[in-house]
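The values are calculated or read from the model by the stated rules, or taken from the named source; none is laboratory data. These numbers come from a predicted model, not from an experiment. For neighbour counting, all protein chains shown are included, and Cβ atoms are generated from backbone atoms with ideal geometry for every residue, glycine included.
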Amino acid sequence: MGFTVIFRCRPAIFFSLWVSLFGAVFATSINARELSAYDVMMKYDNRYNGDSSVGQYTMVLIDRRERQRVRNLRIYSKDFGEDNKALSLFETPADIRGTAYLNFDWENQNRDDDSWLYLPALQRVKRIASSDTADSFLGSDFTYADINGYELDWYNYSFVNESEFLDDFEVWVVEATPKAEFKDKAENATGYSKMRSWIRKDNFVQVRGQVWELKGNKIKYFNSTEIELIDDIWTTKRLQVITTRNGRQEHASVLQINSIDYNVEVDDSSFTTEYMQRGLD
Amino acid sequence: MFKKIRTKSLNHLIQCCLSTLLLTTAHCAAQDEFFSTINIDVPKTKSSNYSVIGWITQSASYGLEQPSHLFSRTDSELNGLQSSLFIQADGKFSDELKFRVSGKYYHDPIYQIKSDAPHSIEERNQLRNRLEIRDFYFDYQAENGLYFKVGNQILAWGLSEYIRVTDQINVEDQFAIAQQDLEDLRLPAPAALMSYRLKDWLIDTVVTYDADRNQIAPEGDEFDQFAQLRNIGFALNRQETKNRSEGFIRLSTQLSSGDLQIVAGEFNDNNLSVEDIDMRGLAQPSLNFNQNRMRMIGAAANWVEGAWLFYGELGTHYGVTVRPNAESFFNQLNGWDQKDQTLVVAGVEYNGFSNLLLSLEIDSIHTKNHNSFMQAPSDQISLGTRFNWTDLNQRLRITGVWNKLANNWGSVSRLSIDYNWSDNLDLGFLFVGYSASQNSVFYEFRNNDVVQLQMRYNFQI
């Protein structure tokens, strides 16, 4: 689970997992001590994070020699009932400018997400098979599954720690392991064997995450900072992930929100394959 | 004895506990370290109504074999030192009205360095030094949903990677077959696109004017497709295309787990064919080439199933000119025969392995009313297979392609290795190998195997 878990929350890409409505949280925190691990994750998943959003992001990729690559992207997201559609447009660097990723996240658990990628060099919109989701999202430490989320009900949940303090905030530490009947599906979709999440008790914002990859003895560490209330929605403005292999840092990604607007008017036509090709406005 | 062992065991146990404690502490410390904030300055960008991007590329190519005497290069030697500059400017006058202008300039001084291999004037001027205007268009999104895009543009339709069934709008860069970068494969056409979404269907209509033909290598170059005819002594003339405009329509929609597009068009063949042979009283008989007018209807679809992506394309081309065999070539004084062809593409991609994409495509062309004068048989089957592997967070990309040509005419193999050193700098290696049988139209290119090193500097203003 960790920070990558978006479950069925709409993917305001990466950040849907970081946001939460303060009011809703206040009500739930009263009974926080009575919640099971599943309840915590359910409430985390059910947080209100806006019906739509438009955000400007910067993603920095850092290799083990600390060489940096910088990507700027814009992300549009909108709920369509219980379904969600999201479009990511890359603005820099020059060689990937115009690259676009469109994802439809269906509420129906039996229906795989629909995803398309537009590569300017190819000049075609290309549909992506759903099992691509465990692969890296354009060179970052995030996978497509981290972006799109996965099913809450595929996992068993248990408390690793029911009370821990991080930066003066009390958190739950919840571990998720795939249920036997969903093991193959969950592992294929995510590439993770288990996931751990640190959830703040005051607002159900996830502040840390740790995931164990199935291959290569890799563990990823997620960390969120600059958590702010924007338009009454808790928003993590800086998210980083460090991928380690055999206890050594292998690669890292930092994702920073430069600006984000919630509940803004986003035309439905923004979530079409033709819009991907029409490029940046 | 027992006590000693016990003591030893206790010591061992204590040591183990201490070790475990130390390891746990070290692990926790390491874990905390990985949770700590990375100290970097995240650069912020400012939105602008205009942007300019581009890249400067320097490549060096080495021909591994000796092409025949028909070409300028006859040794295995350095055959290219190409520099190129690509610039693209995007801008918008309003949220509805935008534009893009891009161009690419190529310069290759190899003909000056290799003065012992005399390059033709055409090679120097059409290939080794050239400026191409790429995108040059305005697009407008009207409030009523209509979308217009007018100017030089690329519109890549269809799904096939190896043959063109419904992807007929843009011509190809065939100066160096299979050696082009992906973004250089198609060349823009002057066109007007109008799109409209009607519920779940997107309707695209396109009209082109003077879209030209595939760009082929000039006289003397090792991919000169007319080298043999020139050698025989024929004068080769290109006639003016009678009908300069072309029209296309496409209906496309998304289905559950798949996409569908239906395409129709009337257009000029992007390949040249013989319109007539003039042998009347001339010292040098001439072959007059032109683009044949043809029509097409077809459909392309894909769908995903777990790790598999299946795709297919089916179409009929009406009035395709077919090349005669060697015995009949000069008997068809009134031009090549025209036939109808049915084209079928079946392809599959598999991405069940991490960072690896495998694909296989089988293509079939069936010519109706086939006759014995044709060079190709009535049924032609070819296949293409590809792997694409990335590592180091997509800094490293290795792609291999093998394309087996129809009719046992040969094959093309391509291996590229690209390394993204930084946002600004890419390094690349390319190998392309050609094999062709004697009865193949590609026979003269069989010795054009090449390796290439490339360095690309990207910039953005």
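What to note about this one:
- Residues of the range A:234-274 that turn out to be surrounded by fewer than 17 Cβ atoms within 10 Å (Cβ to Cβ) and either of a type in the set (S, T, Y) or within 16 Å of the chain's Cα centre (by Cα) (or both), as a count: 2
- Residue match in the range A:80-89 (condition: assigned to a loop (DSSP other than H, G, I, E, B) and under 28 Å from B:N424 (Cα atoms)): no
- Conditions (1) more than 10 Å from chain A (Cβ to nearest Cβ); (2) touching a Leu at 6+ places or on another chain (Cβ under 7 Å); (3) under 21 Å from A:E274 (Cα atoms): number failed by B:L155: (1)
- Scanning the range B:207-239 for residues that are in contact (Cβ under 8 Å) with a residue 12 or more places away in the chain, exposed (fewer than 14 other Cβ atoms within 10 Å of the Cβ) and closer than 22 Å to B:F329 by Cα gives B:N231, B:G233, B:N237, B:R238, B:Q239.
- Unmet requirement for B:I53, which otherwise passes all of (1) in contact with a helix residue (DSSP H, G or I) (Cβ under 7 Å, 6 or more places away or on another chain); (2) part of a loop (DSSP other than H, G, I, E, B): (2)
- The range A:127-158 - residue that is of a type in the set (F, W, Y) and either loosely packed, with under 15 Cβ neighbours inside 10 Å or closer than 30 Å to B:G258 by Cα (or both) and, of those, modelled with the highest pLDDT: A:Y155
- Number of positions in the range B:79-101 that are in a strand (DSSP E or B) and more than 24 Å from the chain's Cα centre (by Cα): 5
- Test for B:S382: is it polar (S, T, N, Q) and touching a helix residue (DSSP H, G or I) at 6+ places or on another chain (Cβ under 9 Å): yes
- The numbered conditions (1) within 20 Å of B:W55 (Cβ to Cβ); (2) away from every other protein chain (no Cβ under 12 Å); (3) more than 20 Å from the chain's Cα centre (by Cα); (4) not small (G, A, S) are all true for B:K104 except (3).
- Test: residue in the range B:56-71 that is surrounded by 14 or more Cβ atoms within 10 Å (Cβ to Cβ) and at pLDDT below 85: no
- Residues satisfying the stated conditions in the range B:402-461, i.e. more than 14 Å from chain A (Cβ to nearest Cβ), basic (K, R) and in a strand (DSSP E or B): B:K404, B:R414
- Residue within the range A:50-57 that is modelled with pLDDT under 90, crowded, with 22+ Cβ neighbours inside 10 Å and farther than 30 Å from B:G91 by Cβ present: no
Condition check ((1) more than 21 Å from B:V263 (Cα to Cα); (2) small (G, A, S); (3) in contact (Cβ under 8 Å) with a residue 12 or more places away in the chain) across all residues:
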| residue | (1), (2), (3) |
| --- | --- |
| B:D135 | yes, no, yes |
| B:A156 | no, yes, yes |
| B:L159 | no, no, yes |
| B:V171 | no, no, yes |
| B:F175 | yes, no, yes |
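- Odd one out for A:T235 among (1) free of Cβ contacts under 8 Å to residues at least 12 places away in the same chain; (2) away from chain B (no Cβ under 14 Å): (1)
- Of residues in the range B:74-101 being farther than 30 Å from B:F136 by Cα and surrounded by fewer than 16 Cβ atoms within 10 Å (Cβ to Cβ), the one nearest to the other protein chains (Cβ to nearest Cβ): B:L78
- Test result for B:R293, over 15 Å from B:L229 (Cβ atoms) and surrounded by fewer than 15 Cβ atoms within 10 Å (Cβ to Cβ): no
- If the condition is being modelled with pLDDT under 90 and either among the small types (G, A, S) or part of a helix (DSSP H, G or I) (or both), then the range A:22-42 contributes A:F22, A:G23, A:A24, A:V25, A:F26, A:A27, A:T28, A:S29, A:A32, A:R33, A:E34.
- Restricting attention to the range A:193-215 and to residues that are within 14 Å of chain B (Cβ to nearest Cβ) and touching a residue at least 60 places away in the same chain (Cβ under 8 Å), the residue that is surrounded by the fewest Cβ atoms within 10 Å (Cβ to Cβ) turns out to be A:R208.
- Residue in the range B:121-132 that is touching a residue at least 40 places away in the same chain (Cβ under 8 Å), within 14 Å of another protein chain (Cβ to nearest Cβ) and more than 30 Å from B:H69 (Cβ to Cβ) present: no
- The combined condition, being under 13 Å from the mean Cα position of the chain (by Cα) and either at pLDDT 90 or above or within 20 Å of B:G352 (Cβ to Cβ) (or both), is not fulfilled by A:Y118.
- Residue list for the range B:296-317, filter: small (G, A, S) and surrounded by 22 or more Cβ atoms within 10 Å (Cβ to Cβ): B:G298, B:A300, B:G315
- Condition check for A:L122: without any contact (Cβ under 8 Å) to a residue 60 or more places away in the chain and in a loop (DSSP other than H, G, I, E, B): yes
- Where strands (runs of 3 or more DSSP E) fall wholly inside the range B:168-245, the ranges with 1 or more residues that are over 30 Å from B:V432 (Cα atoms) and within 14 Å of chain A (Cβ to nearest Cβ) are B:189-198, B:201-209.
- So B:L287, is it in contact with a helix residue (DSSP H, G or I) (Cβ under 7 Å, 6 or more places away or on another chain), within 26 Å of B:W409 (Cα to Cα) and either more than 14 Å from chain A (Cβ to nearest Cβ) or crowded, with 17+ Cβ neighbours inside 10 Å (or both): yes
- Subset of the range B:350-373 that is of a type in the set (S, T, N, Q) and in a strand (DSSP E or B) - its residue that is farthest from B:M279 (Cα to Cα): B:S359
- Selected residue (only one of A:T225, A:T190 is within 14 Å of chain B (Cβ to nearest Cβ) and surrounded by fewer than 16 Cβ atoms within 10 Å (Cβ to Cβ)): A:T225
- Condition check for B:R386: within 26 Å of the chain's Cα centre (by Cα), buried (at least 18 other Cβ atoms within 10 Å of the Cβ) and at pLDDT 95 or above: yes
- Scanning the range B:102-135 for residues that are among the aromatic types (F, W, Y) and surrounded by fewer than 17 Cβ atoms within 10 Å (Cβ to Cβ) yields a single hit, B:Y105.
- Residue list for the range B:325-349, restricted to those being surrounded by fewer than 18 Cβ atoms within 10 Å (Cβ to Cβ), of a type outside the set (A, V, I, L, M), in contact with a Phe, Trp or Tyr (Cβ under 7 Å, 6 or more places away or on another chain) and part of a strand (DSSP E or B): B:D340
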